[in-house]
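Single-structure report; data block below.
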Amino acid sequence: MNLDEAIRLRDPAQLPSRRDEDWRWTDLRGLLRTIPEPSSPLGPQAIGVGPFEGLAAESLVVANGSGPETLRVAPGETRTVILRHVSRGDGAHSARLRIEVGGGARLTLLESHEGGGSSLSLLGVDLTLEDGASCERLVLADLDPEAVAVVELDVELSAGGRYAQTVLTTGARRQRFETRLRHPGLRSEARLDGVYILAGRKHADLTSVVRHTGPDGRTDQLTRGFADGQSRAVFQGRITVQEGADGVDARMAHNALILSDRAEVDARPELEIYADDVACAHGATVGALDDDVLFYMRQRGLAETDARALLAVSFLGEVIERIDFAAGAERVRSWLLARIGAGV
Amino acid sequence: MPAVKDTLEQVAGLEKYEHGFVTEVEQEFAPRGLDRDTVAFISRKKDEPDWMLAWRLEAFERWSAMESPDWARVSFPPIDYQDATYYAAPKAKDGPASLDDVDPEILKTYEKLGIPLREQEVLAGVTGAPRYAVDAVFDSVSVVTTFKKELAEAGVIFCSMSEAVREHPELVRKYLGSVVPVTDNFFACLNSAVFSDGSFVYVPPGVRCPMELSTYFRINAAGSGQFERTLIIADKGSFVSYLEGCTAPMRDENQLHAAVVELVALEDAEIKYSTVQNWYPGDPETGKGGIYNFVTKRADCRGDRSRVSWTQVETGSAITWKYPSCVLRGRESVGEFYSIAITNGRQQADTGTKMIHLGEGTRSRIISKGISAGRSSNTYRGLVSAHPKARGARNFTQCDSLLIGKSCAAHTVPYIEARNGACTFEHEATTTRLSEDQLFYARQRGLSEEEAVQLLVNGFVREVLQELPMEFAVEAQKLVAISLEGSVG
């Protein structure tokens with residue numbers, strides 16, 4: 001099973017399927033009988049403007065699989081970079097990007113996934129943070145309903161560093177964000193948050209694997225979302241604490257609302273612990289909007305759609321409040337409001 | 001806290017595994033290996049009708065084409081299924097008719113294990129003391145079932161599976177394999193082909209079973225496995241509480257125990273199924289020997305408002321692979337799972353439950369307490385799912401893991417699948433070690449470190465112990481203490 005090879009060799013047998021335990025709820029082999037032709041390159045006019053426009057001077061664009069392959073932030077430097085991943089048409093493409101953040105440097109990465117058509121795409125990112133380096137990643141993904149997209153991120157965190165991400169998505173035909181983080185501990189911290197708003201027949205899978213390899217690390221995860229129509233939301237989170245990684249404090253929460261009888265939410269929050277001096281916990285809830293609260297708000301004169309939107313905003317808002325980059329959080333909030341208005 | 005005091009006293013004079021003795025008794029065996037002839041041999045020994053043999057043989061064919069599952073978080077060398085004996089029974093003259101015909105060595109075994117096989121012994125207590133009927137299974141056969149007459153007066157059928165196949169074929173044919181299909185999984189399929197004995201219970205409509213029923217499983221013979229099959233049917237509006245205990249001698253070889261337990265609860269019926277599993281866990285230092293406990297247990301809440309509760313205390317076995325489940329089919333049916341799983345030494349446990357909500361308004365509750373010590377590994381694996389028709393389904397799950405020592409492991413792998421807009425699932429899990437502060441406090445009060453650990457552990461598992469029937473709760477509490485022997489310091 002190797003998605004990159006599946007695309008390069010156009011071999012559907014390499015696609016992950018429901019028989020692969022980690023992909024049981026995001027079956028690609030059952031969905032795609034053949035791999036589409038490679039995508040053709042995109043001209044600048046087809047790329048347009050992204051959702052983070054104006055928040056940073058520097059912008060990287062990966063369009064239909066082509067774009068820059070490396071980004072290096074020098075030690076001590078502070079930078080904000082926009083990364084746009086744009087897919088158009090009905091082809092298949094994959095790209096890999098390497099990001100290095102030098103010692104003590106700070107990177108704010110504003111990432112967007114746009115378009116999609118009916119393409120199959122893979123974006124792989126390798127992110128290395130040297131000692132004391134930090135990175136905050138904000139992701140907005142709003143793809144066409146026929147797109148199939150996978151984004152894989154491998155993070156190498158170092159001592160005293162910090163990695164934080166907030167992924168917001170409206171899903172696709174099949175979509176997966178997989179974050180794998182190697183957490184060395186040593187006073188380093190990680191925050192992995194997510195929001196999904198799914199309607200129609202869309203699907204979104206937020207998967208994370210955090211491997212604590214050293215002592216005194218912190219991980220905090222909060223994912224919230226709702227599924228309407230015939231959509232399907234998948235949350236998989238695994239926290240591993242290796243032998244010797246004492247003093248780890250890891251928390252994970254996933255809260256989902258199902259708004260329709262034909263929507264589905266699947267969750268698997270895992271803990272894998274090989275050290276005894278740890279405090280690890282996870283919580284997962286799935287439920288419907290509270291009828292009593294809705295009733296109360298309607299009694300106060302709010303229209304039902306407004307009441308539902310208000311509840312949704314307060315439910316998802318807690319994730320947005322955890323974003324450090326204030327201008328980014330503002331942009332994310334209005335992005336979210338525009339979609340909740342349409343989605344709830 | 002008399003129970004805690006009792007535990008401490010118990011631990012003081014303990015061997016490491018007190019049930020590890022072997023009973024010298026003349027036995028007969030099936031020839032080593034597994035093929036169609038072995039299956040036919042077992043069926044013949046049990047004097048089974050043709051339909052039963054055909055059922056077994058079909059299962060054997062299906063099993064031959066299956067592969068051993070590898071998804072559980074346990075590791076063991078491949079099992080050579082040809083290098084074992086699939087039938088071992090004490091030699092007897094046409095099966096014991098009464099207790100007097102049973103080999104005295106076997107009676108002594110049960111006496112040593114503290115299992116009352118003589119009805120009068122049970123009655124000898126104070127009037128009104130709780131009584132329980134016992135089906136004693138020794139390797140592949142049931143040696144005796146007590147209180148059958150009194151139970152029969154209430155209409156309750158309680159006998160060994162072999163007897164049920166002969167005496168109540170209509171019930172067996174109707175329900176056997178209806179909860180756990182023959183090809184459900186590798187080990188259930190193997191069991192369907194070679195199952196030996198186990199208990200059969202039928203409680204007629206509206207009857208509250210007058211006493212606790214229990215089965216005591218004992219593996220004695222070397223080089224053999226135990227493949228019991230238990231079937232419990234609670235007809236409309238009935239109630240039954242069933243207890244299961246198990247032990248085995250200490251041996252250097254690994255022995256396979258692949259059981260299938262099927263429960264059927266019809267309308268308004270309730271089944272309470274409790275297990276205290278204390279198979280030989282293997283040598284704590286070398287990991288040699290011990291039982292492979294690969295068990296399929298499932299309850300079908302077929303009727304509306306039916307209720308099944310699984311309570312398990314898992315302390316033994318080298319490897320445990322077991323997920324007692326509830327299929328909540330009837331409207332407003334209820335499934336419960338309470339579990340304590342303790343691993344020490346080099347034990348491995350991958351255990352949990354499945355709550356499958358199919359009917360409207362179904363509810364389930366899962367409380368799992370895992371404790372790992374030594375170099376052991378303890379995994380909770382569970383599934384809670386609500387199907388589109390299960391509107392109003394509710395689940396609450398709590399899994400807590402406690403780690404004692406630097407080299408043990410605890411894992412939590414819950415699967416949650418919600419497929420309608422009117423279900424409420426809540427899941428919470430924690431993994432911690434024993435609190436230093438609490439230990440310090442207990443030690444300050446004069447308890448030794450070992451005593452302090454036991455006190456805290458007893459508190460940790462209390463919610464589950466409360467669900468056990470009285471007699472079992474005491475035994476289970478002692479077991480918790482024994483299992484943690486040597487885990488401190």
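Some notes on this structure:
- Residue within the stretch A:88-97 that is part of a loop (DSSP other than H, G, I, E, B), of a type in the set (Gly, Ala, Ser) and under 20 Å from the mean Cα position of the chain (by Cα) present: no
- The selection criterion, being within 14 Å of chain A (Cβ to nearest Cβ), at pLDDT 95 or above and open to solvent by less than 10 Å² (accessible area, probe 1.4 Å), holds for B:SER385.
- Selected residue (only one of A:ALA279, A:ALA256, A:ALA275, A:ALA267 is in contact (Cβ under 8 Å) with a residue 24 or more places away in the chain, farther than 28 Å from B:ALA393 by Cβ and surrounded by 21 or more Cβ atoms within 10 Å (Cβ to Cβ)): A:ALA275
- Residues that are more than 21 Å from B:ALA72 (Cα to Cα), of a type outside the set (A, V, I, L, M, F, W, C) and in a loop (DSSP other than H, G, I, E, B), drawn from the stretch B:393-429: B:GLY405, B:LYS406, B:ARG419, B:ASN420, B:GLY421
- Considering residues of the stretch A:327-344 that are of a type in the set (A, V, I, L, M) and open to solvent by 70 Å² or more (accessible area, probe 1.4 Å) only, the residue modelled with the lowest pLDDT: A:ALA342
- The numbered conditions (1) part of a loop (DSSP other than H, G, I, E, B); (2) surrounded by fewer than 19 Cβ atoms within 10 Å (Cβ to Cβ); (3) not charged (D, E, K, R) are all true for B:GLY237 except (2).
- Any helices (runs of 4 or more DSSP H) falling wholly within the stretch B:153-208 and containing at least 2 residues that are within 25 Å of B:LEU256 (Cβ to Cβ) and in contact (Cβ under 8 Å) with a residue 40 or more places away in the chain: B:161-167, B:186-194
- Residue check for A:GLY217: out of contact with any strand residue (DSSP E or B) (no Cβ under 6 Å at 6 or more places or on another chain) and either over 23 Å from A:TRP335 (Cβ atoms) or of a type outside the set (A, V, I, L, M) (or both): no
- When residues in the stretch B:431-449 are screened for being on the phi > 0 side of the Ramachandran plot and either surrounded by 18 or more Cβ atoms within 10 Å (Cβ to Cβ) or assigned to a helix (DSSP H, G or I) (or both), 0 of them pass.
- Restricting attention to the stretch A:1-35, the residues that are assigned to a loop (DSSP other than H, G, I, E, B) and either surrounded by fewer than 18 Cβ atoms within 10 Å (Cβ to Cβ) or within 14 Å of chain B (Cβ to nearest Cβ) (or both) total 17.
- Any hit, the stretch A:38-53, residues being touching a Ser or Thr at 6+ places or on another chain (Cβ under 9 Å) and aromatic (Phe, Trp, Tyr): yes
- Among (1) buried (at least 24 other Cβ atoms within 10 Å of the Cβ); (2) modelled with pLDDT of 95 or more, the one test that B:ARG394 misses: (1)
- Strands (runs of 3 or more DSSP E) wholly inside the stretch A:203-311 containing at least 1 residues that are at pLDDT 90 or above and facing another protein chain (nearest Cβ under 7 Å): A:249-258, A:264-273, A:279-287
- Of A:ALA288, A:ALA307, all but one fail to be more than 30 Å from B:SER435 (Cβ to Cβ), without any contact (Cβ under 8 Å) to a residue 40 or more places away in the chain and under 27 Å from the mean Cα position of the chain (by Cα); the exception is A:ALA288.
- Among the residues of the stretch B:145-159, those that are closer than 21 Å to B:GLU48 by Cβ and open to solvent by less than 10 Å² (accessible area, probe 1.4 Å) comprise B:PHE158, B:CYS159.
Residue-wise test of (1) open to solvent by less than 50 Å² (accessible area, probe 1.4 Å); (2) within 24 Å of B:SER43 (Cβ to Cβ); (3) modelled with pLDDT of 90 or more.
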position: B:GLY114; (1), (2), (3): no, no, no
position: B:ARG118; (1), (2), (3): no, no, no
position: B:GLY125; (1), (2), (3): yes, no, no
position: B:ARG173; (1), (2), (3): no, yes, yes
position: B:ALA188; (1), (2), (3): yes, yes, yes
position: B:PHE200; (1), (2), (3): yes, yes, yes
position: B:GLY206; (1), (2), (3): no, no, yes
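- Residue in the stretch B:463-476 that is under 24 Å from A:GLY247 (Cα atoms), touching a residue at least 12 places away in the same chain (Cβ under 8 Å) and either out of contact with any strand residue (DSSP E or B) (no Cβ under 7 Å at 6 or more places or on another chain) or away from every other protein chain (no Cβ under 14 Å) (or both) present: no
Quick grid of which residues meet (1) β-branched (Val, Ile, Thr); (2) open to solvent by 10 Å² or more (accessible area, probe 1.4 Å); (3) part of a strand (DSSP E or B):
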site	(1), (2), (3)
A:GLY124	no, no, yes
A:GLY132	no, yes, no
A:LEU138	no, no, yes
A:PRO145	no, yes, no
A:VAL150	yes, no, yes
A:THR166	yes, no, yes
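- Residue in the stretch B:47-68 that is most open to solvent (accessible area, probe 1.4 Å), counting only those that are within 23 Å of B:PHE186 (Cβ to Cβ), in a loop (DSSP other than H, G, I, E, B) and touching a residue at least 24 places away in the same chain (Cβ under 8 Å): B:GLU67
- Any hit, the stretch B:429-447, residues being at the interface with chain A (Cβ under 9 Å from one of its Cβ atoms) and within 20 Å of B:MET355 (Cα to Cα): yes
- Screening B:GLU153 on (1) at pLDDT 75 or above; (2) farther than 30 Å from B:TRP71 by Cβ; (3) touching a Pro at 6+ places or on another chain (Cβ under 7 Å) shows it passes everything except condition (3).
- Scanning the stretch B:273-283 for residues that are touching a residue at least 60 places away in the same chain (Cβ under 8 Å) and touching a Ser or Thr at 6+ places or on another chain (Cβ under 9 Å) yields B:SER274, B:VAL276, B:ASN278, B:TRP279, B:TYR280, B:PRO281, B:GLY282.
The values are calculated or read from the model by the stated rules, or taken from the named source; none is laboratory data. On a predicted model such as this, the values are computed, not experimentally measured, just so you know. For neighbour counting, all protein chains shown are included, and Cβ atoms are generated from backbone atoms with ideal geometry for every residue, glycine included. Accessible surface areas use protein heavy atoms only, side chains included; no ligands, DNA or RNA. Shrake-Rupley method; radii C 1.70, N 1.55, O 1.52, S 1.80 Å.
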